[in-house]
Structure formats: structure tokens, C-alpha cells
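Notes follow once the structure below has been shown.
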Amino acid sequence: MSPAAFRRRVAARIQRARWRLGWTQADAAFRIGLTFRYFAEVERARRNPTLDVLYAIAHGLKVRVADLVDVEPGPRVDLDSLKLEPPKTGRKPTRSATRSARK
């Protein structure tokens with residue numbers, strides 16, 4: 001899925017969440033704390049909201065952020081339940097090492 005297609009699917013989910021509450025775009029924008037124009041552009045997939053804005057939209061529409069962005073079918077990975085360690089980091093390459101590797 002392309003980023004533009006993803007943005008359109010998220011925008012459609014935002015719209016459905018708003019419809020579920022029976023709100024107009026103006027109602028939703030006011031309750032969320034966004035300008036009408038900005039909210040309308042997000043809902044039409046013309047704007048790419050930041051995570052902070054996406055969180056505010058989800059909270060304002062009484063849904064989880066995951067409800068808005070979970071647009072791809074397939075199995076889910078519960079990242080919180082995984083017992084993982086960060087990868088062992090080695091020495092970072094220096095500028096001189098990367099230059100000699102290019103030669």
C-alpha cells in the first residue's frame with residue numbers, strides 16, 4: 001500500500017468515526033481543538049497529521065489511534081508482550097572508514 005493510499009484509508013476511518021457520533025466536521029474540529037479547515041483537509045486526505053494531531057483526533061472522536069490506523073488485513077504482532085533485548089551495537093563506522101570502503 002502506498003503512503004497516499006494509507007492516508008486515504010485513515011481519512012476514511014476518521015470520517016466514519018465522526019459519523020458514528022453524528023457530528024459535522026465543524027463540530028468535530030471544535031471539540032478536538034483544530035481549525036475546521038485543517039480537520040476537513042485531514043479527513044479528505046489532503047493533510048498528513050502528526051502523531052500528536054492523530055492522537056487528539058482519536059481521543060476527540062472517542063476511538064483508539066489503532067482504530068484509525070489499523071487499515072491492513074493480516075495477523076497482528078503484540079509488540080508489548082515480546083521479551084526482546086536491544087541489538088548489540090558494534091563500533092560505528094568513522095568517516096575515514098566509510099571513505100576507504102568506497103574506493
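In terms of the mean number of neighbouring beta-carbon atoms within 10 Å, the peptides 77-88, 2-13, 36-47 order highest first as 36-47, 2-13, 77-88. Across the chain, the relative contact order, built from alpha-carbon pairs under 8 Å that are at least six residues apart, equals 28 percent.
Counting 0.36 nm for each residue step from V65 to L79 and taking away their Cα separation leaves a gain of 3.5 nm. Peptides 16-28, 49-61 ranked from most to least packed, by the mean per-residue count of other Cβ atoms within 10 Å: 49-61, 16-28. Taking a quarter of the surface of the Cα convex hull of the chain gives a mean projected area of 11.0 nm².
The numbers here are math on the coordinates, done by the rules we state, and not lab data. Everything numeric in this text was worked out from a predicted model, so none of it was measured. Because the Cβ atoms are built from the backbone with ideal geometry, glycine has one as well, and the counts that use them run over all protein chains shown.
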